[in-house]
Amino acid sequence: MTFVEAQRRHAALAEELRRHDHAYYVLAAPTISDAEYDRLYRELLDLEQAHPSLVTADSPSQRVGGAALTAFAPVRHSVPMMSLDNTYSPEEVTAFVARVQKGLPGEALAWTVEPKVDGVAVTLRYEQGVFTVGATRGDGTTGDNITANLRTLRSLPLRLTPSETSGSSSDSGKVPSVLEVRGEVFMPLAGFRKLNADREAAGEEAFVNPRNSAAGSLKQLDPKLVAERPLALVVYGLGAVEGAVAPATQSELLVWLKQFGFPTPERVWTANSAEEILQRIAELDAVRRTFAYDTDGAVVKLDALGQRDRLGATAKAPRWAMAFKYAAEQAETRLRAITIQVGRTGALTPVAELDPVFVGGSTVSRATLHNEEEIKRKDIRVGDLVVIEKAGEVIPAVVRVNADRRTGAETEFVFPTVCPECGTQATRERTAAGEGAVWRCGNLDCPAKIRGRLEHWCHRGAMDIEGGGEVLVRQLVAAGLVRDVADLYRLRRDELCALERMGEKSADNFLAGIQQSRERDLWRLLFGLGILHVGAGVAKALARAFPNLDELAKSTAVEMTRIDDIGEVIATSVEAWFADPQNRELISRLRKAGLRFESSTYTSASALQQGPFAGKTVVLTGTLPALSREEATAWIERLGGKVSSSVSKKTHYVLAGAEAGSKLEKAQQLGVPILDEAAFRALAGPPG
């Protein structure tokens, strides 16, 4: 292929990949299979490797930048990024509308009401249709240049390609020579839950909420780390515009932006009075929990941009918009103590011990305080009256201290520098992603770490040993009967019966569970070992790729990265785990105990390329007539498919039974094919 031919092919591939990215990440309507997309992407990479001059700033290959930065450079906004005035009061909404009407006497007013996405405000600058600079709000005048991080967002167009049809009165067919748009970077709820599950499985500190996750991700100096986070974008406003006529109203603006490939709010309400605005706010409140992201309010905007210009702004906020914030459910209670929990990785986590209080649909008596820095930042003291919040699916948290009600009897908490379990000196370290600070016990024989590893091994999602919960594990470790998971397979009935409140029947049930665990599949064993970064999904991917544990143990990180869902960080961690002599000794003892090292889900590469579920993602919901959830999952995985817990645009099928709920509704909204058990059996063929 000549250079000119390569140049033409590269341009065609880049344009095609941009269209597929927009269809997948913005419209939630994929137009191509993952395998075909990967083939096109690999072809583009091959061309760029052969002809480096083909690499441009808007190439699909530039979603992840190069070397990490040492600091973010400042960016001065050409048009200030202002904050919105907030209110929780319907009366203040009415007063706001009256103020606007006073500023525009005699003029008819129209309004829009949009979901207030709980994320991080950003500005994006395009020159000649190409994304050039992205920045945070900062102080409103100057922000941080986070261009490399924003490039990793698949929902952000690197080049503007307007549609052929016009949906507004503006010159929509022309790409402005300069276009600055304003929006929000957020983390979808499904991505947040998966990220936290992966972090906890890897022994890392969980994020507090999706907004903190998004903010922490964008602060990373290494774009490759940002690319691993499930971030998304919504665009809703303008900065500078040159070389084109902008729309006249907010309603038209959103249509205009969407034509250029930007993701815009999924639903916008219109109103013509304060009463209608309040009604729309209530309508949004009724449906916002069905959205794929957190919303903490409604944004009310004057629709006509010309009227906005005449109203102007205060020093901090525009006079033509405001945010109505929905109040999260809160409760006040007394913080009686702060205790320290030591996890299986040795992390020391402070926990608030509270007077029980009902909030967010349940009684809360404990709340995480995350780390030492969180306690200092909020000035939390033992004996304080504190406000607890439990919004949505977020875990109970201490929002603030009622410092004005202190009596003087409250005491500051001194974070321990030694492990409370074993007395070993703790070390203060930052996480691998550079976030937060964690005190960690380095003693491999720390009782808390041993208990954590044992509980994880016995967990239903791992080796599923009945009765192996916190109470029994604590007794086993305290009695010196068990120091690692291999010791479980040497336990005798008389040793168990000698434990407090352990009757013969309970001992027999526990021993039966241990016996049954010898036959658990390889992926459960891998997950149970607690290898850093290896959650259940990764363990299943490894078990599908290797016929037995020995083949996995001798594989290299490079070989493992060729497996779907296995990246460099995971592969390096697995390779290092099997290289550790202590871990190899543990594997030898488990082998002698008679555990199964073979994989029942292993399928050769050629077999995985065939069959109805090869490379497909399936979500289960409801109760099937004959198949249990576990049986259906195993069947799908044997045929090379993956089972996911949430419906998204990546889902290929939803297998639905009786009493299917929101997952079925989401599938119908996204147009995902829905199977009942009969259709599933017909598609899958005879069970293997």
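The values are calculated or read from the model by the stated rules, or taken from the named source; none is laboratory data. None of the values given here were measured: they were computed from a predicted structure. Methodologically, a virtual Cβ is constructed for each residue, glycine included, from the backbone with ideal geometry; neighbour enumeration extends over all protein chains shown.
In segment 1-12, the residues that are in contact (Cβ under 8 Å) with a residue 12 or more places away in the chain form Cβ pairs under 6 Å with partners that are surrounded by 12 or more Cβ atoms within 10 Å (Cβ to Cβ), at six or more places apart or across chains, as follows: Ala6/Leu47; Ala6/His51; His10/Leu47; His10/Leu54. Residue count for segment 392-401 under the criterion of being touching an Asp or Glu at 6+ places or on another chain (Cβ under 7 Å) and either part of a loop (DSSP other than H, G, I, E, B) or at pLDDT 90 or above (or both): the result is 2. In segment 361-376, how many are at pLDDT below 90 and surrounded by fewer than 19 Cβ atoms within 10 Å (Cβ to Cβ)? So the answer is 6.
Which is surrounded by 19 or more Cβ atoms within 10 Å (Cβ to Cβ), modelled with pLDDT under 85 and touching a helix residue (DSSP H, G or I) at 6+ places or on another chain (Cβ under 6 Å), of Ser172, Ser163?
Values: Ser163 fails: surrounded by 19 or more Cβ atoms within 10 Å (Cβ to Cβ).
Ser172 is the lone residue from the list that is surrounded by 19 or more Cβ atoms within 10 Å (Cβ to Cβ), modelled with pLDDT under 85 and touching a helix residue (DSSP H, G or I) at 6+ places or on another chain (Cβ under 6 Å).
If you go through segment 645-688 and keep only what is buried (at least 18 other Cβ atoms within 10 Å of the Cβ), of a type in the set (Ser, Thr, Tyr) and not in a loop (DSSP other than H, G, I, E, B), you end up with just Tyr653.
Of a type outside the set (A, V, I, L, M, F, W, C) and under 30 Å from the mean Cα position of the chain (by Cα), is that true of Gly530? For Gly530, the condition - of a type outside the set (A, V, I, L, M, F, W, C) and under 30 Å from the mean Cα position of the chain (by Cα) - is met.
Does any residue of segment 222-231 turn out to be over 28 Å from the mean Cα position of the chain (by Cα), modelled with pLDDT of 85 or more, buried (at least 17 other Cβ atoms within 10 Å of the Cβ) and not charged (D, E, K, R)?
Quick first cut of segment 222-231, residues over 28 Å from the mean Cα position of the chain (by Cα) only: none.
Checked segment 222-231: no residue is over 28 Å from the mean Cα position of the chain (by Cα), modelled with pLDDT of 85 or more, buried (at least 17 other Cβ atoms within 10 Å of the Cβ) and not charged (D, E, K, R).
Would it be correct to say that Ser599 is closer than 28 Å to Val482 by Cα and either free of Cβ contacts under 8 Å to residues at least 40 places away in the same chain or more than 26 Å from the chain's Cα centre (by Cα) (or both)? Yes, satisfied. Within segment 235-251, the set of residues being surrounded by fewer than 19 Cβ atoms within 10 Å (Cβ to Cβ) and out of contact with any strand residue (DSSP E or B) (no Cβ under 8 Å at 6 or more places or on another chain) comprises just one member, Val245. Checking each residue in segment 342-359 for being part of a strand (DSSP E or B) and farther than 12 Å from Asn371 by Cβ picks out Val342, Ala352, Glu353, Leu354, Asp355, Pro356, Val357, Phe358, Val359. Scanning segment 547-582 for residues that are of a type in the set (D, E, K, R) and surrounded by 13 or more Cβ atoms within 10 Å (Cβ to Cβ), which turns out farthest from Tyr602 (Cα to Cα)? So the residue we want is Glu575.
Each row is one residue, and each column tells you yes or no for (1) closer than 24 Å to Asn149 by Cβ; (2) assigned to a helix (DSSP H, G or I).
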site	(1), (2)
Gly237	yes, no
Ser251	no, yes
Thr270	no, no
Ile281	no, yes
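Test of understanding: among Ala214, Ala282, Ala244, which residue is in contact with a Ser or Thr (Cβ under 9 Å, 6 or more places away or on another chain) and either among the aliphatic types (A, V, I, L, M) or farther than 30 Å from Gly528 by Cβ (or both)? Even if it seems obvious, please write down each step before you answer.
On the way: Ala214 fails: in contact with a Ser or Thr (Cβ under 9 Å, 6 or more places away or on another chain); Ala282 fails: in contact with a Ser or Thr (Cβ under 9 Å, 6 or more places away or on another chain).
That would be Ala244, the only listed residue that is in contact with a Ser or Thr (Cβ under 9 Å, 6 or more places away or on another chain) and either among the aliphatic types (A, V, I, L, M) or farther than 30 Å from Gly528 by Cβ (or both).
Filter segment 32-71 for residues that are polar (S, T, N, Q) and loosely packed, with under 13 Cβ neighbours inside 10 Å; which is modelled with the highest pLDDT? Taking the candidates together, the pick is Ser53.
Residues of segment 556-584 that are of a type outside the set (A, V, I, L, M, F, W, C) and either on the phi > 0 side of the Ramachandran plot or in a helix (DSSP H, G or I) (or both): Glu559, Asp565, Glu568, Thr572, Ser573, Glu575, Pro581, Gln582, Asn583, Arg584.
Every residue, every condition in (1) assigned by TED's automatic domain parsing to the domain that holds Leu104; (2) under 33 Å from the mean Cα position of the chain (by Cα); (3) in a strand (DSSP E or B); (4) surrounded by fewer than 19 Cβ atoms within 10 Å (Cβ to Cβ), yes or no:
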{"site": "Ala292", "(1), (2), (3), (4)": "yes, yes, no, yes"}
{"site": "Val299", "(1), (2), (3), (4)": "yes, yes, yes, no"}
{"site": "Arg310", "(1), (2), (3), (4)": "yes, no, no, yes"}
{"site": "Lys316", "(1), (2), (3), (4)": "yes, yes, no, yes"}
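Whether any residue in segment 457-470 is under 19 Å from Gln582 (Cα atoms) and crowded, with 17+ Cβ neighbours inside 10 Å is what I want to check. Scanning segment 457-470, I find at least one residue that is under 19 Å from Gln582 (Cα atoms) and crowded, with 17+ Cβ neighbours inside 10 Å, so the answer is yes. Annotation note: Cβ proximity below 9 Å between a residue of segment 332-343 that is farther than 10 Å from Val382 by Cβ and a residue that is hydroxyl-bearing (Ser, Thr, Tyr) and assigned to a strand (DSSP E or B) (sequence gap 6+ or interchain) occurs for Thr333/Ser365; Ile340/Thr349; Gln341/Thr349; Gln341/Thr368; Val342/Thr349; Gly343/Thr349.
For a quick check of your reading: which strands (runs of 3 or more DSSP E) sit entirely within segment 104-162 and have at least 2 residues that are within 22 Å of Gln62 (Cα to Cα)?
In segment 104-162, 120-127, 130-136 are the strands (runs of 3 or more DSSP E) which contain 2 or more residues that are within 22 Å of Gln62 (Cα to Cα).
Only one entry of Val351, Val401 meets the criterion of being free of Cβ contacts under 8 Å to residues at least 24 places away in the same chain, in contact with a Leu (Cβ under 8 Å, 6 or more places away or on another chain), surrounded by fewer than 18 Cβ atoms within 10 Å (Cβ to Cβ) and not basic (Lys, Arg), and that entry is Val351.
Of the residues Lys540, Lys505, which is in a helix (DSSP H, G or I), assigned by TED's automatic domain parsing to the domain that holds Glu585 and either more than 17 Å from Glu455 (Cβ to Cβ) or out of contact with any Asp or Glu (no Cβ under 9 Å at 6 or more places or on another chain) (or both)? Don't jump to the end; show me each part of the working.
Details: Lys505 fails: assigned by TED's automatic domain parsing to the domain that holds Glu585.
Answer to the check: Lys540.
When Val79 is tested against (1) in a loop (DSSP other than H, G, I, E, B); (2) of a type outside the set (Asp, Glu); (3) modelled with pLDDT of 80 or more; (4) within 22 Å of Ser155 (Cβ to Cβ), just one condition goes unmet, and that condition is (4).
Any idea which of Val387, Val414 is under 21 Å from Arg211 (Cβ atoms) and either in a strand (DSSP E or B) or modelled with pLDDT of 90 or more (or both)? If you could, list the steps in order and put the result at the bottom.
Numbers: Val414 fails: under 21 Å from Arg211 (Cβ atoms).
When all the criteria are applied, what remains is Val387.
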